[in-house]
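One structure below.
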Amino acid sequence: MPKLNIRQKIILGIIIFSICFGCIGMLSYMNTLQLEREVMLIERVDDLSNLILEIRRTEKNVLLYQDKALLTQGFEYLNQTDKLLSALMQDFVNIEVKQTGTSLKINLDLYRKLLQKLELSGEKSPILVGTRNSNIREVGQALVEDSKAISRFERKNILSINQNLRSNLTFSMIGIAVVVFILVVFVSSSILKPLRQVQEATKRISLGTFMALPIKNFHDEIQQVFAALNSMVEQLRKRRRQLVQAQKLSSIGTLASGIAHQLNNPLNNISTSCQILMEGTKGKDELADKMMDNIMQETLRSRDIVKGLLEFSREREYSPGPIELDEIVRSAISLVSSQVPSNIYLTKEISEHIIVRVDRRKIQEAFINLLINAIQAIEPRQGTIHIAASTKEDNAIITVSDSGEGMSQDTLERIFDPFFSTKEVGQGTGLGLYIVYGIIEKHQGHIRTESREGKGTTFYITIPLEDGVNI
């Protein structure tokens, strides 16, 4: 037997409820129609009884006053009674009532014959007259008894129908009580109790306790809610771990900013000492001059890196300004150069004099996140990362491509979601591309992605050019 979910159970219950009470309603309706027919029938039976009483009254007057002229009225009553009885015989259903009606019909015919004999009779013998009158009275009394029996049967039938209606009403009330009880038990166990569990689970989540709920039946909508809640709990656990990792990285960034600031003084001393030494020994030793040049270049390079770190980590408000795109890309490449393995080649192809109005630090942060993401997509294999930029109408079109493993369609649809990461916990926060998306949107730009599994990934970025600049 297939397992039913809550909606199917409710629909099935409604169908069964409708069928049961429809049958009870139909039965009650039929009983009501039958009761109506019986009431109308008993009224006609009463009319029949009244006619027979009129016949007996006429009979009494005829026999008492010996006035045969009254027999005409008696025959008229007999004709009406006979006609009414014939109509009633067609409506009688009970066999006993039909038998009584047949007996009444026979007695009516016999009574008619006796009255006809009375009409034609000229006998004066008291004995014969007494016998004749006694026969008329006996048959007349039989007519009354038969009519009373028919009336009694029909009234009994009405009482039976009324009893059936009361029984149907009683059973209906009991059925409604049972259905309501079952409904209360069902709603309490299948809906209210699970909802209380969901409420308690959400309270635990708000307090930082992530506990999964037991799932008994996946066909049940409430259990499907449990499954969704459990999935949310698992995601929250993962996001909390990622958030902790992000906080650690933020702390590391703050520490790196402090270290970079502290490195400025030693680098300045090295640079100054190197310049003094170069001025004092220049031209005396070719190898020494070459080494001094190398020291000076590396010192300047280190100072640029420290400067970039300080600018990158420094908190400040969004402040866009005109800047050459190639300068931002070179600075971002310089900052991530130490993280680029020897088996990954990083190239750029940017048209000259592309001026965009951006916040240098934020756009640099976006490029750094894209480059780090590309490096992680390629590692540990050999590959290439290529940055290209051109202009189209009033926008700069930038592409960041890598030859990494690519992404599935499902992953592609979620890459800009916060805390979404395909990496193991501790290897990524899931915030990098989310930050990139926010930065590009902040600059009234647009970013989209194309990727195929095993074929690499390309990010397409559109940023407005500085007003009046269109190469």
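In this view, the solvent-accessible surface of LYS98, computed with a 1.4 Å probe and all protein chains in place, comes to about 90 Å². Phi angles of the range 346-357 translate, via the Karplus equation with coefficients 6.51, -1.76, 1.60 and θ = phi - 60°, into HN-Hα couplings of 10, 10, 9, 9, 10, 4, 6, 6, 8, 9, 10, 9 Hz per residue; Gly and Pro are given as x. With Rh defined as the Kirkwood radius, the inverse of the mean 1/r over Cα pairs, the Rg/Rh of the range 327-471 is 0.95. Per-residue extension of 0.36 nm, minus the Cα-Cα distance of LEU110 and THR449, leaves a gain of 110.9 nm for this segment.
Let's test the formula: R0 of 41 Å, r as the Cβ-Cβ distance of THR32 and ILE191. What FRET efficiency results, to the nearest 0.05? Write out the running numbers ahead of the final one.
Numbers: r = 38 Å, r/R0 = 0.93.
E(calc), rounded to 0.05, equals 0.60.
The values are calculated or read from the model by the stated rules, or taken from the named source; none is laboratory data. Computed from a predicted model, the values in this text were never measured in an experiment. Because the Cβ atoms are built from the backbone with ideal geometry, glycine has one as well, and the counts that use them run over all protein chains shown. SASA here: full protein model, heavy atoms, side chains in, ligands and nucleic acids out. Shrake-Rupley method; radii C 1.70, N 1.55, O 1.52, S 1.80 Å.
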